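Participant: Quick one: structure below, then a few questions.
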Amino acid sequence: MIKFALLCASGHEFESWFQNGAAFDMQAAGGLIRCPVCQTARVTKAIMAPAIASSGREKPSPLLSPPEPSANVALLDAGDKELRSMIEGIRKRILEQTDDVGMHFPEEARKIHHGLVPERPIHGQASFEEARALIEEGVGILPIPLLPSEQN
Ligand SMILES: [Zn+2]
């Protein structure tokens, strides 16, 4: 059995167990995997930090904000202060130490990936389709964790 972190087309993150990677592919292709939040069958494996590390490159990984900030809220226990402050710390560091390229994220990430511009850490927004296209092109991207308090 293997546990995958999954991401639906609306940006909801959840986890599920599968027999193996092929079982995930088959179930996903058959529309059998549903997002527990919005029930969509458009589900893909979420991109996690270890996947970027395994690319074998030393490049800084571009960072990606999920398209719908409210999407991840359901999974975070609002009472877990320790987790909240940890995520807040990570977010603060990411946002302070990376350039905000906003909606230009996909093209900037691509330029960095292909060495067209000097490497630098960036963050910004991309749609689910854009994110998936980047992943398929081998560009390492990483979702930034979000907190309920930021919806205000
Ligand atoms: Zn969903």
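The values are calculated or read from the model by the stated rules, or taken from the named source; none is laboratory data. Owing to the predicted nature of the structure, the values given are computational and were not obtained by experimental measurement. Please note: Cβ atoms are built from the backbone with ideal geometry, for glycine as well, and neighbour counts cover all protein chains shown.
Participant: Out of everything in the stretch 1-34 that is of a type in the set (Asp, Glu) and surrounded by 12 or more Cβ atoms within 10 Å (Cβ to Cβ), what residue ends up being nearest to the ligand (Cβ to nearest atom)?
Facilitator: GLU13
Participant: Let me ask something else. Got a sec? Which helices (runs of 4 or more DSSP H) wholly within the stretch 69-152 have at least 2 residues that are touching a strand residue (DSSP E or B) at 6+ places or on another chain (Cβ under 9 Å), at pLDDT 85 or above and under 18 Å from ALA5 (Cβ atoms)?
Facilitator: Correct list: 128-136.
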